[in-house]
Amino acid sequence: MSRRLVVGGGLFLPVPLLAALMGWSGWQASLVTWPFSGTRIQVTVTAHMWWWEVRYRDTLTGREAVLANELRLPVGERIYLALASADVLHAFWAPALAGKVDMVPGRLHGLTLRASAPGRFRGQCAEYCGTQHAAMALGVVAVAPQEFDAWLAHQAAPVNAVAHRGREVFLAARCNACHTVRGVSEGGALGPDLTHIASRTHIAAGALPMNRAALIGWIANPQASKPGARMPPSNLSPEDLQALASWLEVLQ
């Protein structure tokens with residue numbers, strides 16, 4: 001009798017219970033992570049010290065776009081995020097839309113977001129990552145699908161590289177060694193892509209509003225607004241700073 005209890009309680013009963021638990025866990029995981037093949041819009045979010053790189057790909061049109069510190073979503077559509085870290089441990093957290101997901105260097109994690117209504121939400125790094133951890137914000141904007149498609153098409157296009165003194169300052173000061181402006185100079189990958197920087201609401205990962213005064217202050221001395229930031233101060237003249245900032249303002 002005791003032998004049957006041991007065999008039944010130790011083998012036959014746990015097996016179906018564990019199998020049921022495994023099936024339930026797998027189903028729950030599928031609600032949180034969604035394979036790339038199951039979504040139209042694929043987004044890779046890479047965390048840096050202390051900013052966010054956001055890369056979009058539309059599998060239907062082939063459009064690709066790169067921006068920084070802002071994530072846009074079409075309302076009602078599942079969007080898969082591939083989450084990565086470029087340096088230390090970070091964590092993606094948009095509390096109004098999803099739970100916290102760690103971002104571990106050398107590993108890729110997944111998360112599916114779905115916004116049910118238009119609106120603006122705040123995302124934040126939720127794992128201490130250094131001096132400016134608290135100032136590493138990610139703006140999340142949910143818009144109507146048609147508005148999102150128009151926005152993505154615009155973001156995927158290069159800028160109109162018209163003659164502008166600020167453009168010449170950008171190249172002469174070697175800003176393109178770290179930053180890309182598609183249509184002007186590509187290959188700078190150490191800092192955020194600036195192609196359509198003027199279409200963003202903030203710079204410096206939410207630390208400053210997007211306007212000329214903030215641009216001038218940030219370019220002249222990033223450490224004043226964000227001590228520890230990896231962008232060095234510039235030695236540009238006041239005239240060159242004005243020209244560069246005014247050019248960045250037109251990069252819509």
Just how far, in whole angstrom, is segment 74-89 from segment 192-252 if you go by their alpha carbon centroids?
25
Using only Cα atoms and rounding to the nearest 10 degrees, what angle (0 to 90) does helix 238-249 make with the longest principal axis of the chain?
50
Label point distance in nm, residue 131-residue 17, each placed 7 Å from Cα along Cα→Cβ
5.4
Quick check for me: using +1 on Lys/Arg Cβ and -1 on Asp/Glu Cβ, what's the dipole size of segment 165-249 about its Cα centre, in debye to the nearest 20?
160
Just the Cα atoms of the chain, one point each, no solvent: what log10 I(q)/I(0) does Debye give at q = 0.07, 0.10, 0.17 Å⁻¹?
-0.30, -0.54, -1.32
Computed magnitude of the charge dipole of the chain (debye, nearest 20; Cβ of K, R +1, Cβ of D, E -1):
720
Tell me which of 139, 190, 119 sits at the most positive position along the dipole axis of segment 119-196, charges placed on C-beta atoms (Lys, Arg +1; Asp, Glu -1).
190
Build a GNM of the chain with springs between Cα atoms under 10 Å: which of 123, 166, 187 gets the top mean-square fluctuation?
187
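Read-outs: derived from the displayed coordinates by stated rules, not from any lab. Note that the coordinates shown come from a computational prediction; the quantities given were computed from them, not determined experimentally. Using ideal geometry, Cβ is built from the backbone for each residue, glycine included, and neighbour counts are taken over all protein chains shown.
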